[in-house]
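Asks: After the structure tokens below, expect a handful of questions from me.
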Amino acid sequence: MAIPKFRVAICGGGIAGLTLAIALKRYAPPDSPLHVDIYEGDTEVRTAGAGITIWTRTWGVMRHLGVHEDLARVAVRAAGEAPGSQSDEYRPAFIVRKANQPEEGYTFISVDAPAGSETAHRRDMMDVFLRHIPPAYTLHTSKRLVRYTEVATDSTTGGSLTLHFADGTTAEADVLFGADGIHSTTRTCMYEDAHTRQCVPYSHAENVPSREECPRCAVATPKWTGMCSYRCLIPTEKLYKINPDHTTAGIGAVLCYSGKDNYIATYQVSGGKFLNFVAICRVPGGEGTPYPSKWVVDVSREEVVSKFVGWEPEVQQMLECVENPSRWAIHTVENLPFVVSCSGRVALLGDAMHAMSPNLGGGGGQAIEDAYILGRLLASPHITLADVPTVLQIYERVRLPFVNVVSQCSRDVGLMYEFNAPGYYDGSPITKQDERAQLNVLGDAICKEWECQWTESIDSLWAEAEEMLQPLVTQTY
Ligand SMILES: Cc1cc2nc3c(=O)[nH]c(=O)nc-3n(C[C@H](O)[C@H](O)[C@H](O)COP(=O)(O)OP(=O)(O)OC[C@H]3O[C@@H](n4cnc5c(N)ncnc54)[C@H](O)[C@@H]3O)c2cc1C
């Protein structure tokens, strides 16, 4: 049996964690495998929310990882097209409609994307990922990380990390990846450690700031965006009985109903059986303040309805069909200055690294890209444990600037959908003609923000990473 080159612990069995495991398996040489343990805090692999949109770059990763065909089987896309199609022809992907008026709304921009947009139920997606986890890797459930500790690193022998779980048990690893989402324990430990080592000794303040007050390290704490999202699934049979010509019926793209302060994004999932319904609503003055209650709660249908009084008939028809909605306070973690620990043996990915606003439907796709680049780098032949800190620096240099751009675009485009972007249509009463003209300008700006999702290919990002890796590979020989 081949001796594993080192032991990898992945904290979190969500989109990022499972994709990382698949990428490690896909690229690790058979004669030099990795020992991989996935530690999931929950009793099983679950999903938060229902639908997820999958964009062209993500399909690129899925193809490289050999998951593409299985995922295509559970995805929904524009009529007449096979999901996961390799055609990069531009087609409508995200259609924005002015909807905050009692009369019928109208489309003011159709964002066209290479291969359009495809959507899936998250549960289906996770089941596909789980089927691709190799039997040699162990998925441990009910293992909630509470902290990790590192002993002085001897980069060649390993065994430097101890993971401490909520059930009182521990596990050892050589390398740890925090794929533990927005509440990431890995991120908190990493930033507490870096703050103690790198900020506290150089602080000239009389009262040394805590990590939460530190100008560099405070960003590791999630911030409330001032937005809440209402999420549920709408049975399409029920909706199309009310209105067989409802725009969502044959559109094959994400449809966004826009208005002042609020918007609804909706698309079909589960073979068209349901509409994934996400209503994003602003709480004036909320941004940056502590969220006053539980982040995720079940709410009444009436609460959702109250946010869209006076909106167009199509919106009212969807609201009639809303069942069991929940409210999610949208928090973000943006612009982290680093995502690799001082020792170079711990790194973050997915929402642990960049929990972004959902306005571009991009967080999951970015988590998948992180996992692909990280997994492929780490599994490269000739990479030893001693190389890990350098490999993780390459990962950080390639991924962090990119996700920061996507995160910023996501934030900016959200303000546009809710008519709150500075310098653009703001919903004030004007003539119909001026309204159309201003919405055309806004529509062009929305298209520009979306471009970050497809202007560069995932292959060119990998090429950049591979080039940085080259000196390491050459050194080995
Ligand atoms: C309303 C909304 C709509 C969205 N729509 C889209 C979309 O259409 N397309 C898209 O690409 N993205 C979308 N996103 C973003 C996407 O959901 C996230 O970016 C994605 O789920 C992140 O995956 P992750 O694996 O990093 O984190 P998570 O999905 O949060 O998974 C983290 C995992 O770690 C586990 N965990 C947490 N703490 C611990 C611990 N201490 N120990 C062990 N395990 C732990 C959790 O149980 C979980 O299984 C949306 C987000 C929102 C809020």
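The values are calculated or read from the model by the stated rules, or taken from the named source; none is laboratory data. Just so it is clear, the structure is predicted and the values come from calculations on it, not from any experiment. Positions of Cβ are backbone-derived with ideal geometry, glycine not excepted, and every protein chain shown enters the neighbour counts.
Asks: From the list R144, R197, R123, R211, which one is farther than 24 Å from V339 by Cβ, surrounded by fewer than 22 Cβ atoms within 10 Å (Cβ to Cβ) and basic (K, R)?
Replies: Unique residue meeting the criteria: R123.
Asks: Further question: Quick one: which of G350, G361 is within 16 Å of the ligand (Cβ to nearest atom), surrounded by 20 or more Cβ atoms within 10 Å (Cβ to Cβ), of a type in the set (G, A, S) and modelled with pLDDT under 95?
Replies: Every option except G361 fails the conditions.
Asks: Please work out which residue is nearest to the ligand (Cβ to nearest atom), limiting yourself to region 321-335 and to residues that are in a loop (DSSP other than H, G, I, E, B) and in contact with an Asp or Glu (Cβ under 8 Å, 6 or more places away or on another chain).
Replies: V333
Asks: Failed condition for A9, given (1) more than 9 Å from the ligand (Cβ to nearest atom); (2) in a strand (DSSP E or B); (3) of a type outside the set (F, W, Y); (4) closer than 16 Å to A367 by Cβ, with all others met?
Replies: Of the numbered conditions (1) more than 9 Å from the ligand (Cβ to nearest atom); (2) in a strand (DSSP E or B); (3) of a type outside the set (F, W, Y); (4) closer than 16 Å to A367 by Cβ, the odd one out for A9 is (4).
Asks: Of the numbered conditions (1) within 15 Å of the ligand (Cβ to nearest atom); (2) in contact (Cβ under 8 Å) with a residue 60 or more places away in the chain; (3) under 30 Å from V340 (Cα atoms), C232 satisfies every one except a single condition; which is it?
Replies: Condition not satisfied by C232: (3).
Asks: May I pose another question? Report yes if some residue within region 399-414 is free of Cβ contacts under 8 Å to residues at least 24 places away in the same chain and of a type in the set (V, I, T); otherwise report no.
Replies: Scanning region 399-414 turns up no residue that is free of Cβ contacts under 8 Å to residues at least 24 places away in the same chain and of a type in the set (V, I, T).
Asks: In addition: Tell me yes or no: at least one residue of region 440-458 is under 23 Å from the mean Cα position of the chain (by Cα), modelled with pLDDT of 95 or more and of a type in the set (G, A, S).
Replies: Scanning region 440-458, I find at least one residue that is under 23 Å from the mean Cα position of the chain (by Cα), modelled with pLDDT of 95 or more and of a type in the set (G, A, S), so the answer is yes.
Asks: When you go through (1) surrounded by fewer than 19 Cβ atoms within 10 Å (Cβ to Cβ); (2) within 12 Å of the ligand (Cβ to nearest atom); (3) under 28 Å from W450 (Cβ atoms) one by one for L20, which number turns out not to apply?
Replies: The one condition L20 does not meet is (1).
Residues are listed down the side, and each one gets a yes or a no for (1) assigned to a strand (DSSP E or B); (2) more than 30 Å from G41 (Cβ to Cβ); (3) within 12 Å of the ligand (Cβ to nearest atom); (4) in contact (Cβ under 8 Å) with a residue 24 or more places away in the chain:
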| residue | (1), (2), (3), (4) |
| --- | --- |
| R97 | yes, yes, no, yes |
| P102 | no, yes, no, yes |
| F108 | yes, yes, no, yes |
| V111 | yes, yes, no, yes |
| G116 | no, yes, no, yes |
| R123 | no, no, no, yes |
| M126 | no, no, yes, yes |
| P135 | no, no, no, no |
| A171 | yes, no, yes, yes |
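Asks: Would you mind finding the one in Y263, Y291, Y267 that is hydroxyl-bearing (S, T, Y), in a loop (DSSP other than H, G, I, E, B) and in contact (Cβ under 8 Å) with a residue 40 or more places away in the chain?
Replies: Only one candidate passes the filter, namely Y291.
Asks: Please find, among S457, S428, the residue that is in contact with a helix residue (DSSP H, G or I) (Cβ under 8 Å, 6 or more places away or on another chain) and either surrounded by fewer than 16 Cβ atoms within 10 Å (Cβ to Cβ) or under 30 Å from F338 (Cα atoms) (or both).
Replies: Answer to the check: S457.
Asks: Output the qualifying pairs, or none if there are none: Cβ atoms under 9 angstrom, residues six or more apart or on different chains, first residue in region 313-330 and under 24 Å from V283 (Cβ atoms) and among the polar types (S, T, N, Q), second residue at pLDDT 95 or above and part of a helix (DSSP H, G or I).
Replies: Close Cβ pairs satisfying both conditions: Q316/V305; N324/R301.
Asks: For region 189-229, name all the residues that are away from the ligand (no atom under 16 Å from the Cβ), within 25 Å of the chain's Cα centre (by Cα) and not in a helix (DSSP H, G or I).
Replies: Within region 189-229, R216, C217 qualify.
Asks: Just checking, how many residues over region 419-477 are polar (S, T, N, Q) and touching a residue at least 12 places away in the same chain (Cβ under 8 Å)?
Replies: Of the residues in that region, 6 qualify.
Asks: V297: of a type outside the set (F, W, Y) and either within 20 Å of A50 (Cα to Cα) or surrounded by fewer than 24 Cβ atoms within 10 Å (Cβ to Cβ) (or both), yes or no?
Replies: The answer is yes for V297.
Asks: Can you pull out the residues in region 38-55 that are under 16 Å from T169 (Cα atoms) and near the ligand (Cβ under 6 Å from one of its atoms)?
Replies: Within region 38-55, Y39, E40, G41, D42 qualify.
Asks: Take the residues in region 23-37 that are part of a strand (DSSP E or B) and either closer than 18 Å to D70 by Cβ or not acidic (D, E) (or both), then tell me which one is nearest to the ligand (Cβ to nearest atom).
Replies: Once the filter is applied, the top-ranked residue is V36.
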